[in-house]
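Below: one structure, written as structure tokens.
Values quoted throughout were computed directly from the atomic coordinates according to the rules given, and no laboratory measurement underlies them. Quantities reported herein were computed from a predicted structural model and do not represent experimental measurements. Glycine gets a Cβ as well: all are built from the backbone with ideal geometry, and neighbour counts include every protein chain shown.
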Ligand SMILES: [Fe+2]
């Protein structure tokens, strides 16, 4: 008997060819170096059915201090090609990113999934220099930062420039960027 796993969720991971320390320095200077955005655009996953469009990157910086975490959320937006995150500083125990199976609420309790063994979530241990591109609709969260140091990443949505006006008009444009929930439950926003 052959087993077929239908409808996989695809994401892409790899390392960007850019010096992380240079990007960190540019954050301190207040202007993130253009080389990073060029790298992010150059590495956009290729499609077999469409050319990569000219893109705009809307980004925000996550500074997760000790005890901070990111609640489960998604970036769903019909104008977004991919969402993603690039890691700059990831002390040990500063929190994995966890992706949730979008079907989990439907199939969690089903007998076949119990029988076959089913993991409703997948955790990824990031490292500095790593980038992940994922579908904007894929729910994710970041564990609590248990280290004494800050965890820094740059999250982004990639939008075709043709869709940019529509992207900015989306009602949830700002809600999407609620990040870094502090230990006291306060959530800070970084918009750029
Ligand atoms: Fe996110």
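Computed over every Cα-Cα pair of region 12-190 and binned at 5 Å starting from 0, the pair-distance distribution P(r) comes out as 1, 8, 16, 19, 19, 18, 10, 6, 3, 1, 0 percent. Hydrodynamic estimate: the Kirkwood radius of region 1-113 over Cα pairs, inserted into Stokes-Einstein at 4 °C and 1.567 mPa s, corresponds to D of 73 µm²/s. Placing a pseudo-label 7 Å from each Cα along the Cα-to-Cβ vector at residue 143 and residue 21 gives an inter-label distance of 2.9 nm. Peptides 54-63, 120-129, ordered by how many other C-beta atoms sit within 10 Å of their residues on average, highest first, read 54-63, 120-129. Note that region 104-170 carries a Kirkwood radius of 16.1 Å, evaluated over its alpha carbons pair by pair.
Among 4-15, 77-88, sorting by the average number of other beta carbon atoms lying within 10 angstrom of each residue, highest first, gives 77-88, 4-15. The simple spin-label model puts a point 7 Å past each Cα toward its Cβ; for residue 32 and residue 50 those points are separated by 2.3 nm.
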